[in-house]
């Protein structure tokens, strides 16, 4: 069972409503397998730092944040990864897990902690967040922009196979599995909106360079007075 994300975020907002600072700016990047969010994040940071006049540096985070969540909950990283691949445990699995883990945490507790950590980065601003359901988690932040990277499946598989020096059939199978897991994660938040409606800009990385994409994002952020 997923969490009521809107209700949970409202509760978190009410807890911090005394803060005078407006959350953001934040950029979220969702992508299909084979589209490099890291390359885009790198291009964005270069351009954003050039635009910056004062204040802290821009940074980016991705799934490595699992380590922070695991430490906060005294759990192994693979336990966090399991939840954020959209996998649900059955009753028997939950009972076994609770009896073998010294610090047992439910899937819901793990998701809540992950949301808190992602939101803390977003609220502090000047952060590019890759994946992690961030488009849903950060959608209510006024100073936010949400990006999706996509490309034709065969092109993505070919590029990934060349990069990793693997055969096409194996990469195609892996790509389908990764895309499926990412969709499962999004569905696990039970967002009521159609997921594609969460994005402000969608780019085809087969026809555009990451630098071109970054320049368009920066232009849009300026128009929105995010920077």
Ranked from fewest to most other Cβ atoms within 10 Å of their own Cβ, 28, 207, 42 fall in the order 207, 42, 28
Extend 7 Å from the Cα of residue 224 along its Cα-to-C-beta direction; within segment 131-151, residues with backbone N under 19 Å of that point are 131-150
Fewest-first ordering of 179, 57, 107, 170 by Cβ atoms within 10 Å yields 57, 170, 179, 107
Taking r as the C-beta separation of residue 197 and residue 170 and R0 as 41 Å, the FRET efficiency to the nearest 0.05 is 0.75
Least to most buried among 164, 186, 119, by other C-beta atoms within 10 Å and fewest first, runs 164, 186, 119
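No value in this document is a laboratory result; all are computed from the given coordinates. Note that this is a predicted model, so its numbers are computed, not measured. In this analysis, Cβ positions are derived from the backbone assuming ideal geometry, glycine residues included, and neighbour counts consider all displayed protein chains.
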